[in-house]
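The values are calculated or read from the model by the stated rules, or taken from the named source; none is laboratory data. Here the structure is a predicted model, which is why all the values come from computation and not from measurement. Neighbour counts are summed over all protein chains in view; Cβ atoms, including those assigned to glycine, are modelled from backbone coordinates with ideal geometry.
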Amino acid sequence: MDQQKVNFIVLQHVLLRGTGVNTSETASGANVAGKECAQELGLSIEDEMDFPRLGILRQMMHFSEACRPHNLFAVPALFTNRELDDPSEGEVITSGMHLVENERLFIVINENPFAATEESKRLEKAKEAKKQGGEYIDPDNDRLAAHAARENGAKVLMLLSNVNGFKTKDGKLVRKIKVENVDEMIAKHCVGKSNSGKGGMKTKMLAAKMAAEAGIEVVIANAFNDYRRLLEGEGGTRVVQ
């Protein structure tokens, strides 16, 4: 967790809000923050789900610090994909997301690591599949962001990382991908995953497909851009219907 980077991200939200856009952030920093905490405390962590459990508070401290100069209050919104799908729990979550309309509040969405029982099972399956030479997509905040965007009626979903968008194997940036071609593009060009989190470009593409199928405009881009320009169509990769 780099405070200067978090400061930049929050500033971009502030600038977007200045144009009349309501925003929220789905942040993937709890995993790496937990690893930092474990290292500092000398803890031996065997269960990978314990990293985000340990790192949630530190992540929110970084966002709170970044929000302070802008007179914003950082509010954590912790839930899982399973909870969003539940008829009663999902309704409570989505009704609570109206707080995003309050200009003083900065909503930080993250997977609830204390309730992520299904995600824990998926991690165990992932480990076993990899041992056998196969592949299994780990639970990640890319899908959670797409799921939340869909359930809350968002108009735009930005999936931001340390790359400028979706690139082919030869390094060419793809500006636009139709949703029906997402699976083919993944099969041809997606390899590897993020060094600091659980996901990578493959999870972002799958999340983009999920959101685009629901009619949401999706942008895959570098997090260290002017978000207003991204919203206007400059830079990144668009995934469209």
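Determine whether E118 is at pLDDT below 90 and in a loop (DSSP other than H, G, I, E, B). Here the answer is no, as E118 does not meet what is asked.
Residue check: M1 meets all listed conditions (1) in a loop (DSSP other than H, G, I, E, B); (2) free of Cβ contacts under 8 Å to residues at least 24 places away in the same chain; (3) farther than 17 Å from V100 by Cβ but one, namely (2).
Being surrounded by 18 or more Cβ atoms within 10 Å (Cβ to Cβ) and touching a residue at least 40 places away in the same chain (Cβ under 8 Å) is a description that does not apply to T19. Being among the aliphatic types (A, V, I, L, M) and surrounded by 20 or more Cβ atoms within 10 Å (Cβ to Cβ) is a description that applies to A33.
Anything in the range 137-166 that is farther than 30 Å from E101 by Cβ and surrounded by 16 or more Cβ atoms within 10 Å (Cβ to Cβ)? List them, or say none. Let's see the steps before the verdict.
If we filter the range 137-166 for residues that are farther than 30 Å from E101 by Cβ, which is where we start, we get 137-138, 162-164, 166.
Within the range 137-166, I137, D138, V163, F166 meet the criteria.
The residue of the range 43-75 that is nearest to I109 (Cα to Cα), among those that are of a type in the set (G, A, S) and either modelled with pLDDT of 95 or more or assigned to a helix (DSSP H, G or I) (or both), is A74.
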